[in-house]
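The values are calculated or read from the model by the stated rules, or taken from the named source; none is laboratory data. Please read these numbers as outputs of a predicted model, since none were measured by experiment. Glycine also receives a Cβ, built like all others from the backbone with ideal geometry; neighbour counts cover every protein chain displayed.
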Amino acid sequence: MRAHAAPREDAFDRLMAEVRACAHCVPHLPLGPRPVLRGLPSARLLITSQAPGTKVHETGLSFNDRSGDRLRQWLGIDRDTFYDERRVAILPMGLCYPGRYEAGGDLPPRPECAPLWHARLLAAWPRVELTLLVGSYAIDYYLKGRRQKSMTETVRAWRDFPPAILPLPHPSWRTTAWEKQNPWFAAELLPELQHRVRTLL
């Protein structure tokens with residue numbers, strides 16, 4: 001059994017090493033390249049998010065910030081479960097910190113990144129049964145032609161998508177006011193999200 005598994009594991013390790021050595025966007029990255037992603041081939045939950053912030057860039061650990069705390073609260077899981085790569089994979093739309101606008105706020109994920117890496121990485125996680133599209137960049141990319149007029153309307157229409165996909169807002173501090181304006185999120189979507197996550201993990 002092990003003899004058959006080894007080549008596949010070697011191919012996965014080579015792919016991850018290739019991704020982590022990526023320097024494709026170097027001229028555009030103010031802090032330099034540091035691709036941040038997680039997940040082993042056994043992962044059943046995939047979180048497709050935005051791009052690393054400065055703290056994630058510094059630590060190399062996905063969602064190692066307040067937005068991660070909120071996301072884990074939404075999912076109903078603790079840090080140990082969240083960071084168990086055997087069960088959870090995390091793939092940003094942009095793998096490296098993209099920098100900031102002069103007026104403040106992070107720039108969008110680099111547009112080259114997802115077309116360059118996502119298809120190969122998704123193929124490396126064959127056991128994923130639930131993909132969370134976290135934030136408008138992931139929603140726009142993966143729900144082309146199926147998204148609603150806004151991120152809010154798309155998330156509210158979560159029942160219209162296949163059970164293997166759930167769109168979510170980005171769990172930044174800005175979402176505090178958004179949640180108050182959209183009480184259906186906590187009342188309807190979060191219980192379903194937590195149920196699906198518990199079933200998988």
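Checking the conditions here, which among CYS96, CYS22, CYS113 is surrounded by 18 or more Cβ atoms within 10 Å (Cβ to Cβ), in contact with a Pro (Cβ under 6 Å, 6 or more places away or on another chain) and of a type in the set (A, V, I, L, M, F, W, C)?
Working: CYS22 fails: surrounded by 18 or more Cβ atoms within 10 Å (Cβ to Cβ); CYS113 fails: in contact with a Pro (Cβ under 6 Å, 6 or more places away or on another chain).
Just one listed residue meets the conditions, CYS96.
One residue is enough: does region 54-71 have a residue meeting the conditions within 13 Å of the chain's Cα centre (by Cα) and within 17 Å of MET16 (Cα to Cα)?
yes
Would you mind finding the one in ALA124, ALA119, ALA103 that is among the hydrophobic types (A, V, I, L, M, F, W, C) and either farther than 23 Å from PHE12 by Cβ or in contact with a His (Cβ under 7 Å, 6 or more places away or on another chain) (or both)? Spell out how you get there, then give the answer.
Details: ALA124 fails: either farther than 23 Å from PHE12 by Cβ or in contact with a His (Cβ under 7 Å, 6 or more places away or on another chain) (or both); ALA119 fails: either farther than 23 Å from PHE12 by Cβ or in contact with a His (Cβ under 7 Å, 6 or more places away or on another chain) (or both).
Matching residue, one of ALA124, ALA119, ALA103: ALA103.
Conditions first: (1) modelled with pLDDT of 95 or more; (2) buried (at least 17 other Cβ atoms within 10 Å of the Cβ). ASP65 passes all but one, so which condition is the exception?
With (1) modelled with pLDDT of 95 or more; (2) buried (at least 17 other Cβ atoms within 10 Å of the Cβ) applied to ASP65, the lone miss is (1).
May I ask you to list the residues in region 97-133 that are at pLDDT 95 or above, touching a Lys or Arg at 6+ places or on another chain (Cβ under 6 Å) and closer than 16 Å to PRO30 by Cα?
Listed by number, the list holds a single entry, PRO98.
State whether one or more residues within region 26-33 are surrounded by 14 or more Cβ atoms within 10 Å (Cβ to Cβ) and within 27 Å of THR175 (Cα to Cα).
Yes, because at least one residue in region 26-33 is surrounded by 14 or more Cβ atoms within 10 Å (Cβ to Cβ) and within 27 Å of THR175 (Cα to Cα).
Could you please give the count of residues in region 80-100 that are in contact with a His (Cβ under 9 Å, 6 or more places away or on another chain) and among the aromatic types (Phe, Trp, Tyr)?
Initial filter on region 80-100 (in contact with a His (Cβ under 9 Å, 6 or more places away or on another chain)): 91, 93, 96-99.
Among the residues that remain, those that are also among the aromatic types (Phe, Trp, Tyr) are: 97.
So the count comes out to 1.
State which residue pairs qualify: first residue more than 15 Å from HIS118 (Cα to Cα) and inside region 6-24, second residue modelled with pLDDT of 95 or more and not small (Gly, Ala, Ser) in any location, beta carbons under 7 Å apart, and separation of 6 or more residues or different chains.
Once the first residue is more than 15 Å from HIS118 (Cα to Cα) and sits in region 6-24, its partners that are modelled with pLDDT of 95 or more and not small (Gly, Ala, Ser) give ALA23/PRO33.
If you go through region 65-94 one residue at a time, how many are farther than 23 Å from ARG198 by Cβ and either without any contact (Cβ under 8 Å) to a residue 12 or more places away in the chain or not acidic (Asp, Glu) (or both)?
Of the residues in region 65-94, the ones farther than 23 Å from ARG198 by Cβ are 65-66, 92-94.
Right, trim to either without any contact (Cβ under 8 Å) to a residue 12 or more places away in the chain or not acidic (Asp, Glu) (or both) and you get 66, 92-94.
Within region 65-94, residues that are farther than 23 Å from ARG198 by Cβ and either without any contact (Cβ under 8 Å) to a residue 12 or more places away in the chain or not acidic (Asp, Glu) (or both) number 4.
Restricting to region 148-166, give me the number of residues that are part of a helix (DSSP H, G or I) and surrounded by 15 or more Cβ atoms within 10 Å (Cβ to Cβ).
Adding up the residues that qualify gives 6.
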